[in-house]
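Below is one structure; the comments refer to it alone.
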Amino acid sequence: MKPILKIQYYITLCLFLVLLLAERECYAESYNFTTYTIEDGLPQSQVLTICQDRDGYLWFGTYGGGACKYDGVKFTTYTAKDSLLNDVITTIFEDSKGNIWFGTHRGLSKYDGKRFTHYTEKEGFNAKNILCIFEDNQANIWIGTARSGAKKFDGKTFTTYARKDGLSSNFIFTGVTDKQGRVWLGTYGGGVCMFDGMGFTNYTVRHGLADNRVYSMCVDKESNVWFGTSAGISKFDGNNFTSYSTKDGIPHPIVRAMCVDRKGNVWFGSNGGVSKYDGKNFITFTENEGLCQNKVRSIIEDREGNLWIGTNGGVSKFSDMTFTMITTEDGLCDNEVLSIIEDSKGNYWFGTAFGVSKFSSDNMFNLNKNNFTNYYVEDGLSTNIIWTLLEDKNEDIWFGTNRGGINILKNTQSKKAEFSNYTKEKNGLPNNIIYSLLEDKHNNIWVATNRGISVYDGTKFKNLSTKDGLIGNITSCLHETKDGKILIGTGSGMSIYDASTQSDLNNIEFINIDNNHGLEYPNIYTIKEDWDGNIWIGTFGGGVFMLKYEDLNGICDGSIKPDSTNKIDFVNFNEKDGLSANSVVLMEFDNHGFLWLGTIKGINKLDIYNYLKTGEKKFRFYGKDKGFRGIECNINSICKDSKGNLWFGTIKGVYLYNPDEDKENTVAPLTHINGIRLFYEKENLVPYGDPSSENLNLPNELKLPHSQNHVTFDFIGISLTIPEKVTYRYQLIGFDKGWSPITTENYVTYSNLSAGEYTFKVKACNNDGFWNEEASIYSFSITPPFWKTWWFLNSMILIILGSIYSIHKLRIRSIEIDRKRLEKTVENRTYELTIEKEKTEQVNTELVEQKRQLEETNNIIEEKNRHITDSILYARHIQEAIFPRAEYVNEYLPNSFGLYKPKEIVSGDFAWFNFKEDKVFIAAVDCTGHGVPGAFLSVLGNTLLHQIINEISVLKPGEILKLLHKHVQTSLHQLESDTDVFDGMDIALCSLEKCENKNGTVAKIEYAGAFRPLYHVRRNKENTDWEVNVIKANQLPIGGNNEIPNYEFTNHEVEIKKDEAIYIFSDGITDQFGGENAKKFTGKRLEEVLIKAQELEINDQQKFVEDAIDKWKGDLDQTDDILMIGVKF
C-alpha cells in the first residue's frame, strides 16, 4: 500500500522489498463459493442428493454416511444406527404434505417430522435400491429403482410399472413431472419414458436423444424438458430434441445433476464441474474457480437463490457472481495489484508489484492466459513496481513506478513495446517514486511524488513543493473537478489549485486545508467528486470527510477564510457510522448513486442519494462472505469501466464487481424454536406436557413445576446466504417489558421465573436487514408451589372460617344451656326476679370480658409484630457491626469509598475488609436473595472469609474462593443427597499490596471472582482518555449443590499506576431497571459513568455514581441490594 507519512513510507518500502524476495502466493478461487466438508460437519464427502424442506433446512444424502440436516449453523446426522434403513442415501425428496422421503440401498423411508416409517418387503415394497423420488400433480409419490422398475404410491398402496407395462427399462435413474402433469422417467440404457396417465411413450437416440443412459432431468420455465445423459445434454421442446455436447461448451459428457434457477438459467452437474446455460452460452465452474470437487452428483437452488452443489468431495454453495477474482492463475503477472485503468480501446491495464498486465477480451469470463500481455523490466520497464497508470490524449499509456520514475508506452502499430522513461536524473522530476498521474483539461500531466508534485506541459516539468506553498511534499492523489480545480492530497492536508483564476503554471498559488481548518485527519489517501460537486476525501485513520460544493467555492473565491477559529464544516463518515475501517484507501462512484470505499478491511458501499435526501449514513459491507476475498485494498487501485463495472486492486489479485449480480437478500429467515433446556440441560419434557404433541421437544400445554423455573430457549433463524450474519430479537411475555436488543446468540436463558403464564417470541433478521414478519412463539406456564396454590389458600381460609364457626357454635351452645337453665329457674322460682336480673347482667359481663380478651389478643399480635421488626432492625445493627468500619478502612485505604444501599432493612450484599501481612483484602459479596435470608448468608460469608485468611492463612484470592466454596457447601450441608438448600454467593475479592513507584506502578493487585468482575480504570494507550479494563470473573458460584471437578478460580495479577482506580460491585447496580424503556443499567453504562467520574475526587465519585443510578431508576422500585467499593491510587 502507498505510504503517506515519511516514516510510513520507509517502513512500508522495507517490508515491500522483503515481500518481493519471498515466495509469491497464487490464488485460484475466482467466484463466491463456500465449501462444506467432513471438517464442517458433513458425515461423508460424497453428497449424492440435496433437498430443502419447507422449514428451510437443507438435507444432504451421502454415500455411506447417512443423511444430515443443516440449519446454517450445524449439521444433524441421521444414520442406520438410529433411524434410517441404510447409510447410502441416493435421493431425498419433500412431498406436498411436508413428509421427507429417503431412498437408500436397502429400501424406502419416510420422515414426518416426528418419526420414521420404513417401506421394505415386509410392507409390500419389493425393491431395495432406490435411485429417485418425486411427486406428480395428483400427489402420488413415484419411486425409481434399480432393476425393479418404477413404483407409484397413492398413500395406501404401491403400483409397479415395469417393462411388461411399457417401460423401456426397469433401471430408473431419474424422474420429473412436467407442467402438463406428464411423468418422465430416465432409464439406464432404455432412454426416456413418458407416462401420460394412460400408457408410456419411449424416446431414445433414434428420436434425437443424446444417449440412452439418462442420469438427470429437469423442466425449465418454457416447459422444455432437459435430460442429462452419458453423452451430453438433450432438450425436448415437445416435438424435437436439441442436444449439447462438449463441443458446445459442457466440460464432460456425463451429466448427473440438473437444476433450473429463479432467473431461468439451467445448471448442469457433470464429471467436469458445474455449468450454467443462460439460453445462449455455457459458463463452467470447476475446482479452479472455487468448486470443492469436479465430480458433481447433485444441484439445487435454495429459497434465497443460492446454488448448492453436491460433489464427491463435499458440498459447495455458490451465492452469486457479484465478484470475479483474477489472479496469476488466470494470467495476471502478480497478485498485488496497485493500479488499474481501462484504455480507450477497451483494454484493461493492471499495475502490480511485479510488472504490468494488459487484458484484452470482450468476455470477462474468458480468463484465458492468451488474453493477457505482461510487461516486465526485460520488456523495457524501468522497474516492476507500478503505483499508478494513465492514458493520455494521444492514447499513450503512462506508468508511475517505485524508484523508476515515469515509463510511457507509445501508441504505435509496432508489435514490440516501445517504452520511454522520465526520471529525476534525466528530466528533472522531483523524485522517482510516482504515486499518482493526472491529465487536466489543458492536457497538462500532473505528477504526484513523495517530494512534491510536477506539472508537465508537453516539453518540460515544473516542480512544486512546500517551498512553493504546497501543504505537504508526500503527495498521494490528484483529482480535477468539473470546473477545473486541481485537488492534491498529501500527508499533511489538501492543496487546491484553481485554474480558473490562474493560467500561468510558472506562478502557481495554492489554497491549503488541514486540521487547523476543520479537516481533523489531514493524512489523505484519495479524493473524489460527486455529481453535485461535493468533494469526498478518504483519510488515514479518520474515515471519509465530505466538503460541500459551496464551501469549496467559498474557499477558492475568498468569501470563506478558514482558520483555527473559523473552521470548515466537514461531514465525517467513520466506523461509528458503519464503515468497516477508518483508513480509506480508495473511492469511486458507480452509475447507481453509490460511493464505493475500499479499506484495509474490505469494501463498503454508501448510499449517497439516500444520505443527501435523509441524512442517513447507510453502509453495506462486502467481505469474504460476499465473495470479496481480497479484503485489503491497495491505495487508489480502482477503476470504473465503460460498462459500469468496478475493478478493485487488492493484495490477493484484482476483483471485478458486476452490479447486475449484486442483489439484496430480501428473503427473511425462517425462524424456529428448536427446544427448551432446564438448568442448561436437555430434559424429557413429555411428563410436563401433552405426550401426543407433534414436537416432543416443545410439547403442547407445557406446565413446569416451580422447581424447574430456570429455562433456556434454543432457536434458529435459517438464512443460508450468510448464516453468520443472522441476528435475533426475542421477548418473554409475562417477564420482559419489550423486545430484547439485537443479538447474534441463538439461545436465551431466563432464571428464577415466577409462577404464571408465559409466551416466548423470537424474530430473526438476515444479512441485509430483512426480518421475518411473524415471530415464532411458544406458550407455557410455571405452576406455583403448593403454599401459593388456590386450593391451599382456600383450604387455609376454610380452616380459619371453620375454627371461627366452631368457636361461635360452642359459645351459642353455652348460651343455650344457660338460657334453658334460666327458664327452669324462672318456672321454679318466678318470685326471684332480682336474682334473674343479676344473672342476666352476669351474662352481659361475660360478653364484655370476651370482648376485652379479643382486644388483648390483638394487642399481643401487634406487640409481636413490633418485636419482629425490632429484631430485624437489631439484626441490621449486628450485621453493620460485623462489617468493616469506615474509619478502619480509611486507615489503610484513605482514597476509597463504599456505596451501600440495601433493598430492605437487612441486606444480602456486604463489603468485607481485612489486613494481613502487608496486604489489604477487600471484597464485594452478593449473597443469594436479599432481606433476612441474604443477611443470614452474609454473616456466614463474613465469618468464613475471616477464618480462611486470619486462621488458615490462605492469601491468594483464587485459593481463598476455592476454600470458601467448599466451606459454604459444608456449612449448609449442600453435598448431601437430600438437601434442598442451593444458596450461595457471588464475590469479587482483591488483595492490594503497595509497591515502590517503578515505571509508574504504585500497587499490585491480585483478584479472583465468582460471577463478579473487577473494573480497572486506566489511561488508554494514547494517554488521551480513560478506559475501563474489565477483568472477568469465573462463571462459577460460591456454594450450591454442584460437584464440579477441579473447581478452580483464576487468580489475576494487575499492576496499578498512579491515579488509576479499581471498582468491585454487586449486580444490584447493573441489573437496576430504568431509563425510557425500563431496561437494565448494564455493565457498559456503568463503564461510561466511571470514566466520567475520574475527573472527580474519590469522595465525590460515590455521590456521582449514586446519582447516576438514581436518575436511571427514576420512579421504579430498587431491583436488588446495591454495593460498590472504589479505590483510587
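For segment 90-149, the spherically averaged projection of the C-alpha convex hull amounts to 4.0 nm².
Applying the criteria of a DSSP loop state and at most 14 other Cβ atoms within 10 Å to the trypsin sites (Lys or Arg not before Pro) of segment 98-128 yields Lys114, Arg115. Multiplying the residue separation of Glu951 and Leu854 by 0.36 nm and removing their Cα-Cα distance gives an extension gain of 29.4 nm. Between Asn695 and Ser245, full extension at 0.36 nm per residue minus the direct alpha carbon distance yields a gain of 157.1 nm.
Among 749-756, 273-280, the peptide with the highest mean count of other Cβ atoms within 10 Å heads the list, and the full ranking is 273-280, 749-756. Were the residues from Glu616 through Lys462 laid out at 0.36 nm apart, the gain over their Cα-Cα distance would be 51.0 nm. Model label points for Ile733 and Asn506, set 7 angstrom from Cα along the Cα-to-Cβ axis, are 8.5 nm apart.
Cβ crowding within 10 Å, taken as a proxy for footprinting-reagent exposure, orders Met325, Met546, Met587, Met194 from fewest neighbours to most as Met194, Met546, Met587, Met325. Annotation for Asp768 and Lys824: the two label points, set 7 Å from Cα along the Cα-Cβ direction, are 10.3 nm apart. Note on Lys561 and Lys415: with the Förster distance fixed at 45 Å, the Cβ-Cβ geometry gives a FRET efficiency of about 0.20.
The Rg/Rh ratio for segment 642-762, using Cα coordinates for both the radius of gyration and the Kirkwood hydrodynamic radius, is 1.20.
In degrees between 0 and 90, to the nearest 10, how far off the longest principal axis of the chain does helix 957-971 point, with axes built from Cα atoms? Computed tilt is about 40 degrees. A Förster distance of 35 Å, applied to the separation of the beta-carbon atoms of Ile38 and Glu745, puts the FRET efficiency at 0.85.
About its Cα centre, the dipole of segment 479-632 is roughly 780 debye, where the only charges are +1 on Lys and Arg Cβ and -1 on Asp and Glu Cβ. For segment 253-266, backbone phi angles converted through the Karplus equation (6.51, -1.76, 1.60; θ = phi - 60°) give residue-by-residue couplings of x, 7, 10, 9, 8, 9, 6, 10, 8, 5, 8, x, 5, 9 Hz, Gly and Pro being listed as x. With contacts taken as Cα pairs under 8 Å and at least 6 residues apart, the chain reaches a relative contact order of 5 percent.
Here the relative contact order of segment 885-990, from alpha carbon pairs under 8 Å that lie six or more residues apart, stands at 26 percent. Net charge in the neighbourhood of Ser270 (other residues with Cβ under 9 Å of its Cβ; Lys, Arg +1, Asp, Glu -1) is +2. List the GluC sites (Glu not before Pro) within segment 747-793 that fall in a DSSP loop (any state other than H, G, I, E or B) and whose Cβ has at most 14 other Cβ atoms within 10 Å. For GluC sites (Glu not before Pro) across segment 747-793 that sit outside H, G, I, E and B with at most 14 neighbouring Cβ atoms in 10 Å, the list reads Glu773, Glu774.
Sparse packing (at most 16 other Cβ atoms within 10 Å of the Cβ) combined with a DSSP loop state is found for the following GluC sites (Glu not before Pro) in segment 990-1042: Glu1022.
Residue exposure proxy: His710, His442, His965, ordered by other Cβ atoms within 10 angstrom of their Cβ from fewest to most, comes out as His442, His710, His965. Taken over the Cα atoms of segment 325-661, the convex hull encloses 128 Å³ per residue. Legend: translational diffusion of segment 344-477 by Stokes-Einstein, Rh = Kirkwood radius over C-alpha pairs, 10 °C, 1.306 mPa s; D = 103 µm²/s. Ordering of 942-955, 513-526 by packing is 513-526, 942-955, highest average first (other Cβ atoms within 10 Å, averaged per residue). Computed from the Cβ-Cβ distance with R0 of 25 Å, the FRET efficiency linking Asn591 to Glu550 stands at 0.45. Geometric descriptor of segment 984-1081, per residue, is 138 Å³ (volume of the convex hull of the Cα atoms). For segment 563-658, the alpha carbon convex hull comes to 123 Å³ per residue, rounded to a whole number. A simple spin-label model places pseudo-atoms 7 Å from Cα toward Cβ; at Lys345 and Glu683 they are separated by 7.8 nm. Sorted ascending by nearby beta carbons within 10 Å, beginning with the fewest, Ser45, Ser357 become Ser45, Ser357.
Each reported figure results from applying straightforward, stated rules to the coordinates on display, with no laboratory input. If you're wondering where the values come from, they're calculated on a predicted model, not measured in any experiment. In this analysis, Cβ positions are derived from the backbone assuming ideal geometry, glycine residues included, and neighbour counts consider all displayed protein chains.
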